[in-house]
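Chemist: Structure below; questions to follow.
FYI, it's all coordinate maths here, none of it is from the lab. Predicted, not measured: the structure shown is a model, and the values here were computed from it. Cβ: placed from backbone, ideal geometry, glycine included. Neighbour counts: every protein chain shown.
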Amino acid sequence: MTRSLVAKRLCCACLLPLLTASAWGQAVPAPPYQPDAMVASLYEEVVTRHPLSTPDRNVFGPYVSKKLLHLFDADDACARAWFRQNPDPNLKPSVGLIEEGLFSGSSEQSEPQTFHIEKTDPKKDGSYRVLVKLTYEEATFKLTWHVVAVVVRENGRPVVDDVLYFKSNDRDVDYRLSGLLKRDCKGYD
């Protein structure tokens, strides 16, 4: 036998017991299910990118549920159809998320500068409600508001399935992201 063949067999003979022992040993634990950490990572992207309209799938796709991605796609298709039927650039569409800050709110709430995860509440259905405080500040103006990211488990990992927007700093839900995305598209499809 050649030296290299002997070395290879010896290496395999040494590794086999180690691999067997590790296979029979304690299983490697899955990473903990942390909806608040995922939401914090999402809002880092929101603060950096200020997404309007349909979100960039490469950036935001991993953070949202398949259901929400489907709703984004349907809303985007509806908006494209509206623009095909209404080529005048001065017209404002009645469909699509033109001025909606995805994950943050509309109008002046569309460009948050900072966020803070305030609370994570587990629900009986297995979902979580993650309360996010958002702020926008100028030299003479400061705006603070809250949203709730509804987090569900999909394929073993946390994803945002909806966002709840509140009435002027209240805790009463004004509208939901899923509701905005389910607007009527009749006549534009």
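Chemist: Treating cross-link reach as a plain straight distance, find the aspartates and glutamates whose alpha-carbon is under 14 Å from the alpha-carbon of residue 92, omitting any fewer than eight places away in the same chain.
Modeler: Correct list for residue 92: 100.
Chemist: Still on this structure, I have one more. From a point 7 Å beyond the Cα of residue 141 in the direction of its Cβ, which residues of segment 105-119 have a backbone N at a distance under 11 Å?
Modeler: The answer is 108-109, whose backbone nitrogens lie closer than 11 Å to the label point.
Chemist: Okay, moving on. Residues of segment 151-182 with amide nitrogen under 14 Å from the 7 Å Cα-to-Cβ point of residue 69?
Modeler: 154-161
Chemist: Starting from segment 60-152, pick out the trypsin sites (Lys or Arg not before Pro) whose DSSP state is loop and whose Cβ has at most 10 other Cβ atoms within 10 Å.
Modeler: Of the trypsin sites (Lys or Arg not before Pro), the ones in loops of segment 60-152 whose Cβ has at most 10 other Cβ atoms within 10 Å are 124.
Chemist: Using a/c under 1.5 as the rounded threshold, could you call segment 33-181 rounded, prolate or oblate? The axes a ≥ b ≥ c are square roots of the C-alpha gyration tensor eigenvalues, and prolate needs a/b larger than b/c, oblate otherwise.
Modeler: It comes out oblate by the Cα gyration axes.
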